[in-house]
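For reference, the structure is listed below as structure tokens.
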Amino acid sequence: MKIYVKYFASVRDLMGKDSENLKIEDSLSANELWKSLTVDKKTPTRVLVAVNHEYVDKNFKLKDGDEIAFFPPVTGG
Amino acid sequence: MKIYVKYFASVRDLMGKDSENLKIEDSLSANELWKSLTVDKKTPTRVLVAVNHEYVDKNFKLKDGDEIAFFPPVTGG
Amino acid sequence: MKIEIMNEKFDPWKALVDYKKNVLLNDSSIGATSVFVGTVRDFNDDEEIDSMELEHYPGMTEKYLEDIVNTAIKKYKIIDGLVIHRVGLLEPTDPIVIVATWSEHRDNAFNATRDIMEALKAQAPFWKKESTENGFRWVTPSVEQEENTNEI
Amino acid sequence: MKIEIMNEKFDPWKALVDYKKNVLLNDSSIGATSVFVGTVRDFNDDEEIDSMELEHYPGMTEKYLEDIVNTAIKKYKIIDGLVIHRVGLLEPTDPIVIVATWSEHRDNAFNATRDIMEALKAQAPFWKKESTENGFRWVTPSVEQEENTNEI
């Protein structure tokens, strides 16, 4: 299945890109995807994940067509 | 001794005047003054008292030259 | 600090912007501004309000407002504070009061502006008389205020 | 309700007055207006800030801001609410955010504006990068935010 991945702020710096289209195996979780994407990287301790513009639990199972985003804790306001 | 008495809002309506100069006996308390001024009136249950622009206790002893004010609970803002 | 009693209708936002521009200038330590504006509503206790007369105790009112703002400035490390309060004849939608505080961090400004409003309502000698179709009535406080006041 | 992400420097007080005048008109049920404005300070964690870059997640940010304001409107019987937030390159004294709420009574407006600010800081996807004499640094939140967010 196909998903669209976005990276923001320090996570974008870590990944060296702001987005990518990926083909992944069915029912991968957000956390499993993150681990596979960062297997060769020193990852920050706090990363948040949103799917289709909603925060989700790290065990959230991805579906075909999902937009998933990884980013650090937010600092607006 | 001489004092200056002010009345505000519903207390002014009750007294029929906004201020008066009075000669009183020494060391009268705020409460004693109020009772003597309203002996023939039906007084409201809640009256506040300030002397020289400061809230005071009802047992506050008046001094010569004091400005004393009687008024209902405040309703600004 | 600015404390002002206004006899005429005023624009609280213009007063705020003018004070910031002329007195606080471009103070770059300011991170937070918290503002409260109270306005006359057309209803109170289920009665329609035509107008309202606001009176105060000249001298004592200013003194208490200054003390109230100074207390908040010290308690919350406030950079500066502003209070403007109307007296006289007011109509629905007229501004009654503006309270503004400036600080480095948001908690302090939020808390200071709120404390100032609560203390103003409990202590500052202002009285409202509402005009309704049934005539005039003095407004009584909705919440009992025992603090710092002494009843006979 | 108005939710806006601004790419250019804006005047929060003008935006507030315009919105009130053009949308809320002279709504005479309004008794209370509570406003918070956040601005860029020139110091953070003892380092001088030259400028700041603010980024957001288009789509998700607007969605969360709308949800946050709607939650406050329902919880506090708010008449209306406004949030404008800057993104892009900001300098000290530039406005970052304005939150305003209008209500009948002051408690509700105070609580709503504060709740919106706290929820915005905890949930809305914005990120700050500060430029200091030592280079760039991503800002990290000063308070741990566990609510409504999920970490990997």
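The values are calculated or read from the model by the stated rules, or taken from the named source; none is laboratory data. As the structure is a prediction and not an experimental result, all values here were calculated from the model. Every residue, glycine as well, gets a Cβ built from its backbone with ideal geometry; the counts of neighbours run over all protein chains shown.
For residues in the range D:121-137 being out of contact with any Leu (no Cβ under 9 Å at 6 or more places or on another chain) and charged (D, E, K, R), which is modelled with the lowest pLDDT?
Ranking the qualifying residues of the range D:121-137, first place goes to D:GLU133.
How many residues does the range C:71-130 contain that are under 24 Å from D:ASP94 (Cβ atoms) and aromatic (Phe, Trp, Tyr)?
3
Considering each of C:ASP67, C:ASP50, C:ASP107, C:ASP94 in turn, give the residue that is within 11 Å of another protein chain (Cβ to nearest Cβ), among the acidic types (Asp, Glu), surrounded by fewer than 24 Cβ atoms within 10 Å (Cβ to Cβ) and over 22 Å from D:ALA100 (Cα atoms).
Residue meeting the stated conditions: C:ASP67.
Scan the range B:11-29 and tell me whether some residue there is within 7 Å of chain C (Cβ to nearest Cβ) and surrounded by 14 or more Cβ atoms within 10 Å (Cβ to Cβ).
no
Restricted to the range B:54-77, and to residues that are acidic (Asp, Glu) and more than 7 Å from chain C (Cβ to nearest Cβ), which residue is farthest from C:GLU55 (Cα to Cα)?
Among those residues, the one meeting the criterion is B:ASP64.
Could you pull out every one of the strands (runs of 3 or more DSSP E) wholly within the range C:72-129 that has 2 or more residues that are in contact with a helix residue (DSSP H, G or I) (Cβ under 9 Å, 6 or more places away or on another chain) and more than 13 Å from C:LEU54 (Cβ to Cβ)?
C:80-86, C:95-103
Mind counting the residues in the range D:64-91 that are under 14 Å from the mean Cα position of the chain (by Cα) and free of Cβ contacts under 8 Å to residues at least 60 places away in the same chain? Even if it seems obvious, please write down each step before you answer.
Within the range D:64-91, the subset under 14 Å from the mean Cα position of the chain (by Cα) is D:64-69, D:72, D:81-87.
Now narrow it down to the ones that are free of Cβ contacts under 8 Å to residues at least 60 places away in the same chain: D:67-68, D:72.
Within the range D:64-91, residues that are under 14 Å from the mean Cα position of the chain (by Cα) and free of Cβ contacts under 8 Å to residues at least 60 places away in the same chain number 3.
Specify the residue that is modelled with the highest pLDDT; the eligible residues are those in the range C:19-36 that are surrounded by 12 or more Cβ atoms within 10 Å (Cβ to Cβ) and more than 9 Å from every other protein chain (Cβ to nearest Cβ). Steps first, please.
Start the filter on the range C:19-36 by keeping residues that are surrounded by 12 or more Cβ atoms within 10 Å (Cβ to Cβ), which leaves C:19-20, C:23-24, C:27-36.
Adding the requirement that they be more than 9 Å from every other protein chain (Cβ to nearest Cβ) leaves C:19, C:23-24.
Values: C:TYR19: 97, C:VAL23: 93, C:LEU24: 92.
Among them, the one singled out is C:TYR19.
Among (1) farther than 15 Å from D:ILE3 by Cα; (2) part of a helix (DSSP H, G or I); (3) within 14 Å of the chain's Cα centre (by Cα), which single condition is D:LEU54 missing?
(2)
In this structure, does B:VAL51 turn out to be in contact (Cβ under 8 Å) with a residue 24 or more places away in the chain, within 14 Å of another protein chain (Cβ to nearest Cβ) and either in contact with a Leu (Cβ under 7 Å, 6 or more places away or on another chain) or of a type outside the set (Ser, Thr, Tyr) (or both)? It would help to see each step written out before you state the result.
Details: in contact (Cβ under 8 Å) with a residue 24 or more places away in the chain: no; within 14 Å of another protein chain (Cβ to nearest Cβ): yes; either in contact with a Leu (Cβ under 7 Å, 6 or more places away or on another chain) or of a type outside the set (Ser, Thr, Tyr) (or both): yes.
Taking the combined requirement at face value, the residue does not satisfy it.
Of the numbered conditions (1) in a strand (DSSP E or B); (2) of a type in the set (Ser, Thr, Tyr); (3) within 10 Å of another protein chain (Cβ to nearest Cβ), C:THR61 fails exactly one; give the number of that condition.
Going through the list (1) in a strand (DSSP E or B); (2) of a type in the set (Ser, Thr, Tyr); (3) within 10 Å of another protein chain (Cβ to nearest Cβ), C:THR61 breaks only (1).
If you scan the range D:61-83, which residues turn out to be over 18 Å from D:SER29 (Cα atoms) and either aromatic (Phe, Trp, Tyr) or at pLDDT below 95 (or both)?
Across the range D:61-83, the qualifying residue is only D:TYR64.
Going through the range C:70-84 one residue at a time, which ones are away from chain B (no Cβ under 11 Å) and either in contact with a His (Cβ under 8 Å, 6 or more places away or on another chain) or crowded, with 18+ Cβ neighbours inside 10 Å (or both)?
As a first pass, look at the range C:70-84 and keep what is away from chain B (no Cβ under 11 Å): C:70-82, C:84.
Residues satisfying the conditions are C:ALA72, C:ILE73, C:TYR76, C:ILE78, C:ILE79, C:ASP80, C:GLY81, C:LEU82, C:ILE84.
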